[in-house]
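**Q** Below you will find the structure I want to go over with you.
Read-outs: derived from the displayed coordinates by stated rules, not from any lab. Keep in mind that this is a model prediction, so the values were computed, not measured. All Cβ positions, even for glycine, are placed from backbone atoms using ideal geometry, and neighbour counts span all protein chains on display.
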Amino acid sequence: MATGILGQSNPSAATNTTVYTVPSATTATFNINVVNTGSSSASVSLAICATGTPSASEYIEFQTPLPPGGVLERTALVAQATKNVVVNCSTANCSVSAYGYEV
């Protein structure tokens, strides 16, 4: 069972990117941070979903504005086995980290 950083990514612009997948027979409790490292605003969508392509009901953030140097943080998230944490940023200047623990 992992603890600490569960997944990190610097996703390509406007691309659904799976940052972390909960292992089978496991539940994860985690936080996720998205940091805009660029000099222009970005919009961020974040989902906990069954596949790498979220459906409308799976988003927990959708096109949320993130200014340069801004941070989007979601805490105390829980996901069951095989769920994916997927992020989509409008620019390639976002850094994403999921950290927590699996049981």
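**Q** Taking 0.36 nm per residue of sequence separation and subtracting the Cα-Cα distance, how much length would be gained by fully extending the chain between Arg74 and Glu58, in nm to one decimal?
**A** 4.3 nm
**Q** Hey, another quick one. List the residues, sorted by chain then number, that are 5 or more residues from Glu61 or on another chain and whose placed amide H is less than 5 Å from its amide H.
**A** Leu46
**Q** Whole angstrom only: what separates the Cα centroid of the range 69-103 from the Cα centroid of the range 1-22?
**A** What the calculation gives is 6 Å, centre to centre.
**Q** Continuing with the same structure: What is the order of Ser41, Ser24, fewest Cβ neighbours within 10 Å to most?
**A** So the residues, fewest neighbours to most, are Ser24, Ser41.
**Q** While we're looking at this one, here's another question. Please give me the summed charge of the neighbours of Ala79: other residues whose Cβ is under 13 Å from its Cβ, Lys and Arg +1, Asp and Glu -1.
**A** Within the 13 Å Cβ shell, the charges total 0.
**Q** Something else about it: Using a cut-off of 14 Å between beta-carbons, work out the net charge of the residues near Leu46 (Lys and Arg +1, Asp and Glu -1, Leu46 not included).
**A** Around Leu46, the charge tally is -1.
**Q** Between Ser24 and Ala50, what is the label-to-label distance in nm when each label sits 7 Å out along the Cα-to-Cβ direction?
**A** 1.7
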